[in-house]
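Here the structure is laid out as C-alpha cells; the discussion comes afterwards.
The values are calculated or read from the model by the stated rules, or taken from the named source; none is laboratory data. It should be emphasised that the depicted structure is a prediction, and the values quoted were computed from it without experimental measurement. No Cβ is skipped: glycine too gets one built from the backbone with ideal geometry, and neighbour counts run over all protein chains shown. When the accessible area is computed, the model is the full protein with side chains, heavy atoms only, and any ligands, DNA or RNA have been set aside. Shrake-Rupley method; radii C 1.70, N 1.55, O 1.52, S 1.80 Å.
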Amino acid sequence: YIDSQINNKTVGLGGSVTISEMNLFKMLSKHNQVYWHDEKPTDMSVMETRTAATRSEIYISSENGISEAGDIVNIDNTGNRVAAISYGPQKVYLLVGENKVTTTLDEAIYRARNIAGPRNAQRLQRRTPCAIKGDKCYDCNSPERICRGLVVLWEKMSSMDMEVVLIGEELGY
C-alpha cells in the first residue's frame, strides 16, 4: 500500500524495526529519493541523513503504541522522529502493527516505555538497565539512554496530512 502511494518524492524514514521488517527502504528507493540513517548515503553523516529525512516531502515512522481512541505514543532519543511527525513534511504515514494497539493511553505509554524501549535498547546494544535486564524502563540516567522524550499525538498536527496505517500482523516492538 505505502509503495503505491508515494512516487517521485523525497521520503524520510524514521528509525524503526517495523520499517526494516517491511523492507520499505529498498522498495521505495526504486522510485523516490529516500533518506534513512540505517542506509545512509556514503557522502552524508548519520545526523545529516536524519536531518534530510526530517525535511523530506513524505515521512514514514512506526509508533511505539496507539490506544483504541487514537492516542499515538512515540519515544525518541535524538528527536528526529518526533520532530518529523509533528512538523514539516507534506504527509506523514504512521505504521502500526497490531501488537502496538492498546485499550487506553496509559497502556500505550506503558507499552512504549516498558516493551518497545527495552527491546530497542537491547537491539542497539546499549548499556542501560532496561537493555541488560530486558524487563522494564528504569528511568535511568545512563548516557546511553534512548528514551529521552515522549510525544503523544491526540490528533494530527494542523500543518500536515497524516495517515495511520494499521497493519494486521505483529511488526516491530
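Quote the charge dipole size of the stretch 48-173 about the Cα centre in Debye, to the nearest 20; the model charges only the Cβ of Lys and Arg (+1) and of Asp and Glu (-1).
680
Between Arg55, Arg123, Arg81, which gets the highest mean-square fluctuation from a Gaussian network model of the chain, Cα cutoff 10 Å?
Sorting by GNM fluctuation, first place goes to Arg123.
Given the DSSP H assignment, sum -39500 (n - 2.57) over each helix run of at least 4 residues in the chain and divide by its residue total; what's the result at 222 nm in deg cm²/dmol, nearest 500?
That comes out to -6500 deg cm²/dmol.
Go through Asp139, Asp76, Asp106 and list them by solvent-accessible area, largest first, probe radius 1.4 Å.
Asp106, Asp139, Asp76
With θ set to phi - 60°, apply the Karplus curve 6.51 cos²θ - 1.76 cosθ + 1.60 along the stretch 156-168 and write out the HN-Hα couplings as whole Hz, x wherever there is a Gly or Pro.
5, 5, 6, 8, 8, 8, 9, 9, 8, 10, 7, 10, x
Keeping the other protein chains in place, figure out the carbon and sulfur percent of the accessible area of the chain, with a 1.4 Å probe.
Ligands and nucleic acids excluded, carbon and sulfur give 47 percent.
So which residue, out of Ile72, Ile85, Ile146, gets the largest mean-square fluctuation from a GNM of the chain using Cα contacts under 10 Å as springs?
Of the options given, Ile146 has the highest mean-square fluctuation.
Please work out the average accessible area per residue across the chain, using the 1.4 Å probe convention, and give it in Å².
In whole numbers, the chain has 52 Å² accessible per residue.
Classify the stretch 22-139: rounded, prolate or oblate, from the alpha-carbon gyration tensor (a ≥ b ≥ c, eigenvalue square roots; a/c under 1.5 rounded; otherwise prolate if a/b is larger than b/c)?
oblate
Would you please give the residues with an amide H less than 5 Å from that of Val165, counting only those at least 5 places away or on a separate chain, with H modeled from the backbone geometry?
Leu94, Leu95, Val96
Contact order normalised by length for the stretch 1-135, with contacts defined as Cα pairs under 8 Å and 6 or more residues apart; what percent is it?
21
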